[in-house]
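Trainee: Below you will find the structure I want to go over with you.
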Amino acid sequence: MQKREELYRGKAKTVYYTDDSDKLILEFRNDTSAFDGEKIEQLDRKGEVNNKFNHFIMTKLEEAGIATQVEQLLSDNDSLVKKLDMIPVECVVRNVAAGSLVRRLGVEEGESLTPPVFEFFLKNDALHDPMINDYHIMSFGWATEAQVCEMKKLTFRVNEVLKTLFDDAGMLLVDYKLEFGVDNTGALVLGDEFTPDGCRLWDKETRKKMDKDRFRQGLGSVVETYIEVADRLGLKL
Ligand code: ADP
Ligand code: UDP
């Protein structure tokens, strides 16, 4: 499958049309951004690592019966995916308090959250991805009530699958962000990516940060640590 015209260039990936109108190619670049694109760096091999990591995780989710965009790993940096009409919201589940939750509510980082917390954010860099709720999504027509319900259900289902996967590999899934879209049959499908760029993972024993907080907080060894995460999951990069 060949890349055709560019559809969209985001902060970390470029999306291309293909000869098949129902499929796109996602190119994972080395660009790494934080703080709504204020901090940007090129990290050697990050695109390749995230592309392969994302394919591995999406395949695990498919095997667990969750509909994802996954079609085929094409090369080091490229994946073929189902073309989705993306819903412009981010679905976040938190098992442990960290990041913006800690800043917003003044709670302690590391506090266990039972039940896990679910949050919606609007995908809008200019507005710094504001937190929204179900009513904003329905009132502004970003998704229907049924889709809102299904996004929550699927995001929690992903939690069940991935919490266990990471736990078995000695890691704690602290939080993560998912994006969904609608395919050509009208079904809700998991799109975008699941990589250490879009989740928080801590070593279960030492609580070492093994995700994009290494980049946000200038902790170093960003890609090396992503490779360690993959290695622990049995994915050789
Ligand atoms: P951002 O848009 O936040 O800068 P990226 O650099 O990751 O993010 O860009 C990828 C873009 O591609 C995102 O806007 C995402 O919503 C979109 N996208 C991801 N998966 C699909 C898909 N399967 N079909 C259509 N668009 C997708
Ligand atoms: N996240 C993401 N993209 C975003 C915002 C958040 O992938 O635009 C992920 C982030 O990596 C973390 C989770 O969603 O795993 C929750 O992020 P949070 O709200 O704590 O914001 P942050 O402090 O990470 O900006």
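Trainee: Between Val102 and Arg9, what is the label-to-label distance in nm when each label sits 7 Å out along the Cα-to-Cβ direction?
Mentor: For Val102 paired with Arg9, the spin-label model returns 3.5 nm.
Trainee: Taking a cut-off of 26 Å, what percent of all Cα-Cα pairs in segment 13-148 are separated by more than that?
Mentor: Considering segment 13-148, 39 percent of its Cα-Cα pairs are separated by more than 26 Å.
Trainee: Rounded to the nearest Å, what's the spacing between the alpha carbon centres of segment 170-205 and segment 89-156? Just the number, please.
Mentor: 13
Trainee: For the chain, what does the relative contact order come out to in percent, with C-alpha contacts under 8 Å and a separation of six or more?
Mentor: Reported relative contact order: 17 percent.
Trainee: What residues qualify as long-range amide H neighbours of Arg200, i.e. H under 5 Å apart, gap of 5 or more or another chain, H built at 1.01 Å from N?
Mentor: The list, which skips near neighbours in sequence, is Val174, Asp175, Tyr176.
Trainee: Over 35 Å, how big is the tail of the calculated P(r) for the chain, in percent of all Cα pairs?
Mentor: 7
Trainee: Compute the normalised compactness of segment 1-87: alpha-carbon radius of gyration over 2.2 N^0.38 Å, N being the residue count.
Mentor: 1.11
Trainee: Pull up all non-local amide H partners of Leu113: gap of 5 or more, or a different chain, and H-to-H distance under 5 Å with H placed in the peptide plane.
Mentor: For Leu113, whose amide H was placed from the backbone, the distant partners under 5 Å are Val96, Ala97.
Trainee: Then there's this: Pairs Lys83/Lys208; Lys83/Lys212; Lys11/Lys153; Lys3/Lys204: which exceed 30 Å Cα-Cα?
Mentor: Checking Cα-Cα distances, Lys83/Lys208; Lys3/Lys204 exceed 30 Å.
Trainee: On to the next question. Less than 13 Å Cβ to Cβ from Ala67, Lys/Arg counted +1 and Asp/Glu -1: what total charge do the surrounding residues give?
Mentor: Cβ neighbours under 13 Å give a net charge of -2.
Trainee: Could you derive backbone 3J(HN,Hα) for segment 56-69 from the dihedral phi with the Karplus parameters 6.51, -1.76 and 1.60 (θ = phi - 60°), listing whole Hz in sequence and x where the residue is Gly or Pro?
Mentor: Those phi angles translate into 4, 5, 4, 5, 4, 5, 4, 4, 8, x, 9, 6, 10, 6 Hz.
Trainee: Starting at the first residue of segment 16-29, write each ³J(HN,Hα) from the Karplus equation 6.51 cos²θ - 1.76 cosθ + 1.60 with θ = phi - 60°, in whole Hz, x for Gly and Pro.
Mentor: With the stated coefficients, segment 16-29 comes to 10, 5, 10, 5, 9, 5, 9, 10, 10, 10, 9, 9, 8, 8 Hz.
Read-outs throughout are calculated quantities, based only on the coordinates presented, and are distinct from any laboratory measurement. Treat the numbers as computed from the prediction; the structure is a model and nothing was measured. Note that we place each Cβ from the backbone using ideal geometry, even for glycine, and neighbour counts take in every protein chain shown.
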